[in-house]
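Here, each number is a calculation from the coordinates, and none is a lab measurement. Predicted model only: the values in this text are computed from it and were never measured. Cβ sites come from the backbone with ideal geometry, for glycine too, and all protein chains shown count toward neighbours.
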Amino acid sequence: MTRPVDVVVRGAQPGEGRAVAALWRELWDAHEAWGGYPGSRDPRVYDQLAARLEQDAIVRGGLQVLGRHVHVVAAIDGKIAGQVEGWFERHGVDATTPPTCEVRSLVVKHDARAQGAGRALLAALAQTVLGMARGAPVALAAEVLEPNPAHTFYAKVGYRPIAWATRIDAAAGRPSATGYHARVGEPRDALPISTLEASLAARRRAAGDVRFDRPRAVDATLVGVIAAHLATHNEHSSDSAELVVVDASGAVRGAATFAVNLLEPPFLPIKRAMLGRFALDPARPAEPMMRPLLALACRMAAVRGARSIELTDLSAPATELYQSTISCGAKPWSRVVLKLAAPGGAR
């Protein structure tokens, strides 16, 4: 007979930093094998990570929560076998929009899988963030690379895909004659961008993405906030910007958000570029608008040292928006899966 496995989920304790760092090493090695960003193979990096995790455990005093960050470990027969992190935040301003827990770094040791540790970690994380939300529902969301076999696991525990991402080489975005032109957004674009935001919000909600607010009416306050935001960015001096695509008459027909950041250890120090929040005029074909947006984003990414761009917050494969990125040369990259946790069980 198989001996029952005793899985205990709790906060990390002092003395476990090195064991948790070993989980990170296994996770990043797997991500790289699936085509993700490479992690360091320098033992000193993991020594530093272990020391940081050790200090974090001391500060937490065995608790799972520190500020908005949640860290849960699983132990099997007293030995660290898995971990998951959560980042608790609110994306919307509407009181009916649930807070989000971004599920990060879920990993179970290869020789400890299929024993219930992954399920137990996610259940403990959900219970913890429900407490942080004082019993209100919480959207638990995880990004999963397309080759990652964990898709099956997430589906079994009630997560379902609500957004997709593709990735394109920064050298692949070439200008083409489509009748549209892309540029960095300016304060004068605030009104059309705020109008397009309604189509983005509607698309998200239609896909079951409850992390963000429902479509809202355009008002002077919203336009003013967007105008102030646009005034702080430009193509050459900022690592984030709002891009717009305009037609031959100069009218704004689409918008997307561009950002670049430097990955931190244990990743190798690589520039990560993203283009997301696509809000395109739903009455017009997507591909002619997508091409100039990608050409501008690729140029901006290359200047900042990023070799590729993740195109995030897309609709499902086979939809026009997703396929427009594939037609421009992008490849499938990842998807976001979501589960709405609520008191008494998931919804």
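Once the Cα atoms of the stretch 199-347 are picked out, what are the Rg and Dmax in Å?
Just the Cα atoms of the stretch 199-347 yield Rg and Dmax of 16.7, 55 Å.
Using per-residue counts of other Cβ atoms within 10 Å, averaged over each peptide, order 50-63, 118-131 from highest down.
The densest-packed peptide leads the list: 118-131, 50-63.
Can you tell me the order of 218-227, 287-296 when each peptide is scored by its average per-residue count of other Cβ atoms within 10 angstrom, highest first?
Taking the mean over residues of other Cβ atoms within 10 Å, the ranking is 287-296, 218-227.
If amide hydrogens are placed 1.01 Å from N in the peptide plane, which non-local residues have theirs closer than 5 Å to the one on residue 280?
For residue 280, whose amide H was placed from the backbone, the distant partners under 5 Å are 255.
Subtract the Cα-Cα distance of residue 263 and residue 97 from 0.36 nm times their separation in residues, and report this length gain in nm to one decimal.
56.8 nm
Amide H neighbours of residue 91 under 5 Å, at least 5 residues apart or on other chains, H built in the peptide plane: list them.
Correct list: 100.
For Kirkwood radius over Cα pairs in Å, which listed value, [x] 21.7; [y] 22.4; [z] 26.4, comes from the coordinates shown?
Working out Kirkwood radius over Cα pairs in Å from the coordinates points to [x].
To the nearest Å, what is the center-to-center distance of the stretch 157-189 and the stretch 62-100, using C-alpha atoms only?
Each part reduced to its Cα centre gives a spacing of 30 Å.
Please list, in order along the stretch 332-343, the HN-Hα scalar couplings obtained from phi with the Karplus expression 6.51 cos²θ - 1.76 cosθ + 1.60 (θ = phi - 60°), rounded to whole Hz, x for Gly and Pro.
x, 10, 7, 9, 9, 10, 9, 9, 8, 8, 9, x
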